[in-house]
Amino acid sequence: MRLITTNEQLLALLPNIMTVVKGERQLIDKIVPFIDASEKWLIENIVSDTVFNSISDRPDPSTAKVTMARIVAFDAFRNAVPHLDLILTPNGFGIVNNSNIAPASKERVERLIASLLSNRDDEIEEQRAKCQTCLSIFERKYLKAMLKGTIKRVEKQILMS
């Protein structure tokens with residue numbers, strides 16, 4: 001777990017997701033394995049290990065670091081949601097329920113999971129679009145520089161003849 005290291009960071013990346021209840025384990029403690037798995041997924045599918053390490057080691061929250069953290073947060077929480085209210089009892093699995101909080105409907109949970117997946121994918125696509133724009137600008141500048149170099153070489157050859 002390298003991008004998201006505190007509960008405060010996680011909650012800031014997932015606004016309006018959870019209210020803190022006194023005496024309850026922090027959300028980050030509940031989903032550490034999912035954060036680890038999402039970081040691994042990010043490395044295997046989106047960025048290289050080298051890029052991930054370089055960005056996650058930055059002390060300041062750069063745009064790239066925040067973007068990667070958001071992708072990991074959305075993915076980790078999406079994968080954790082089905083497990084958050086399950087408890088293993090001597091009689092099998094049960095759900096957490098008390099007099100103050102009722103379990104959410106299946107449809108509401110499915111909408112939350114779909115929303116998290118959509119948010120994750122939107123972050124990825126937004127960054128891809130930015131990269132394409134940057135690449136396009138770079139390609140134009142490179143092509144322009146190449147053409148200038150070619151023109152100068154041709155001019156030099158003409159002057160030499």
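The values are calculated or read from the model by the stated rules, or taken from the named source; none is laboratory data. Bear in mind that the values here come from a model prediction, so they are computed numbers and not experimental data. Because the Cβ atoms are built from the backbone with ideal geometry, glycine has one as well, and the counts that use them run over all protein chains shown.
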Counting only residues in region 96-105 that are modelled with pLDDT under 70 and among the aliphatic types (A, V, I, L, M), the one nearest to Asn45 (Cα to Cα) is identified as Val96
Considering region 106-118, residues that are touching a residue at least 12 places away in the same chain (Cβ under 8 Å) and more than 19 Å from Glu44 (Cα to Cα), and then whichever is surrounded by the most Cβ atoms within 10 Å (Cβ to Cβ), we arrive at Leu116
Of the listed residues (Met1, Met68), the one being touching a residue at least 24 places away in the same chain (Cβ under 8 Å) and not in a helix (DSSP H, G or I) is Met1
So, first residue exposed (fewer than 13 other Cβ atoms within 10 Å of the Cβ) in region 30-50, second residue in a helix (DSSP H, G or I) and of a type in the set (A, V, I, L, M, F, W, C), Cβ within less than 7 Å, six or more apart or across chains; the pairs are Asp49/Ile43
Apart from one, (1) modelled with pLDDT of 90 or more; (2) closer than 25 Å to Ser105 by Cα; (3) more than 13 Å from the chain's Cα centre (by Cα); (4) of a type outside the set (A, V, I, L, M, F, W, C) all hold for Pro82; the odd one out is (1)
